[in-house]
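The values are calculated or read from the model by the stated rules, or taken from the named source; none is laboratory data. The structure presented is a predicted model; accordingly, all values stated were derived computationally and were not measured. We place every Cβ from the backbone using ideal geometry, glycine too, and count neighbours over all the protein chains shown. Please note that ligands, DNA and RNA were not included when accessible areas were found on the heavy atoms of the full protein model with its side chains. Shrake-Rupley method; radii C 1.70, N 1.55, O 1.52, S 1.80 Å.
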Amino acid sequence: MAPPLSATHAHVEEWSGEDVAVDDVVRALCGLREESAHDTEGPDLRTSVMTHMAWVPSEWEEAAVDTLAGLGERHPSRGILLFPEPEAQDGIDATVRVLAFPLREQRRHIAAEVISLRLRGLSTRAAASIVNPLLVPGLPVFLRWRGRPPFGEPEAEQLIDVCDRFIGDSREWPDTPAAYAQLPVDRTAVSDIAWRRTEPWRRELAGIWPEIAEIRKLRVRGPVAEATLLAGWLRSRLERDVELEHEDEDGLEQVAVDGKDCPTPWERPSPSDLLSAELDEFGRDRVYEAAAERAAA
C-alpha cells in the first residue's frame, strides 16, 4: 500500500513489481526520476533532507498511510515504507513512486520519492540489508516504528543499527511504562510521540513555578503513556518522588497538581503534525530519556 496522493501533488510516476530483487527497485527509482524530469517545465529539485523509514505491521497500515500522506511536502525525503508479512511465502513486492510538489510562483517542482516494500517470510528478518542500498548517502536516517517494537529481535535490532533516530509511540505499547527500560538510548537518538503529546501540558506545568516545586501528587486523566511520562518528568526535574493518580482515557484530557486543575492547552496537533515535529529533531533528548527512566522505575 502506498500513500494516497494529496491535492498538492503536481504529478506522479509509479512502478511496481512482485517477487523483486533490491537491484530491480534501485533501477526503477532511477528510471522514474528520469521520467519525472521530462514531465515538468524546468528541472525538479531533489531536496531530500533525510531517509524516512517506517516499519508498519498490518494492523497499523491504514493509520500509517494517512499520517504519512498528511506530511505532504513538509519533509522532502526518500520514504521507505516496510510492510512485514512474516507468515507469508518468502519474497519482496515493491512499489516505487516519484511525487512532485509545485513551488509557488515558479515553474519547477520539489520531488520526493516513496518506496513501499512488502516483506514476506524470511525477508522480514533481513530488513536492514534490504534497505541499505536504498538509503540516501550522507543524510540522516529516521525510523518510525508502528506498534510495539520487538527490542532484541533481529528485525528491530538491525534497523536500529542503521538509523540515526528511532521514533516510536509508547501509547501503542501494551506494556508501558515497563517498556521504557528497553529503549535503545545507548545506540541511537530516541523520540516518543507520546512524549511530544505532553509538550503543551509540560509548558503549563512549568508555568506554575515556583509552586510546582512543592508538588506531592499529580493526577492525570489520559493514556497511561502520557500520564507516566509526565510523572517521570516531574520526578526527574524535581529529583524526588511525585505520586501519580491515573484515570485512563483515550486522549490526554486533564492534569491536576495536588488537587488543583492545570490550565488546558489549546493545541490539538494531528498525527501528521506530531510526526513532523519529530522529524525536525536530530540530537538526543536527554530530558525525555530521564523522564522515561523515572517512569519505568
- Task: Can you give me the number of residues within the stretch 170-187 that are free of Cβ contacts under 8 Å to residues at least 40 places away in the same chain and either touching a strand residue (DSSP E or B) at 6+ places or on another chain (Cβ under 8 Å) or within 15 Å of E281 (Cα to Cα) (or both)?
- Result: 1
- Message: Suppose we keep only residues that are open to solvent by 20 Å² or more (accessible area, probe 1.4 Å) and of a type in the set (A, V, I, L, M, F, W, C) within the stretch 130-156. Which one would you say is farthest from L81 (Cα to Cα)?
- Response: F151
- From the options A290, A297, residue that is among the aliphatic types (A, V, I, L, M) and either open to solvent by 80 Å² or more (accessible area, probe 1.4 Å) or touching an Asp or Glu at 6+ places or on another chain (Cβ under 9 Å) (or both): A297
- Only residues that are at pLDDT 90 or above and outside any strand (DSSP E or B): list them for the stretch 254-268, please. D258, G259, C262, P263, T264, P265
- Message: I'd like to check something: does the stretch 116-124 contain any residue that is in a strand (DSSP E or B), within 15 Å of the chain's Cα centre (by Cα), modelled with pLDDT of 95 or more and buried (at least 20 other Cβ atoms within 10 Å of the Cβ)?
- Response: no
- Exception for I167 within (1) surrounded by fewer than 17 Cβ atoms within 10 Å (Cβ to Cβ); (2) outside any loop (DSSP other than H, G, I, E, B); (3) β-branched (V, I, T) falls at (1)
- Item | Tally, over the stretch 210-252, of residues that are assigned to a loop (DSSP other than H, G, I, E, B) and touching a helix residue (DSSP H, G or I) at 6+ places or on another chain (Cβ under 7 Å) | 6
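For the stretch 242-287, name all the residues that are among the charged types (D, E, K, R) and open to solvent by less than 20 Å² (accessible area, probe 1.4 Å).
Passing the criteria: only E278.
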- Message: If I filter the stretch 192-206 for residues that are farther than 26 Å from W60 by Cβ, buried (at least 19 other Cβ atoms within 10 Å of the Cβ) and not polar (S, T, N, Q), do I get at least one hit?
- Response: yes
- Query: Right, L122: in contact with a strand residue (DSSP E or B) (Cβ under 7 Å, 6 or more places away or on another chain) and of a type outside the set (K, R) or not?
  - Reply: no
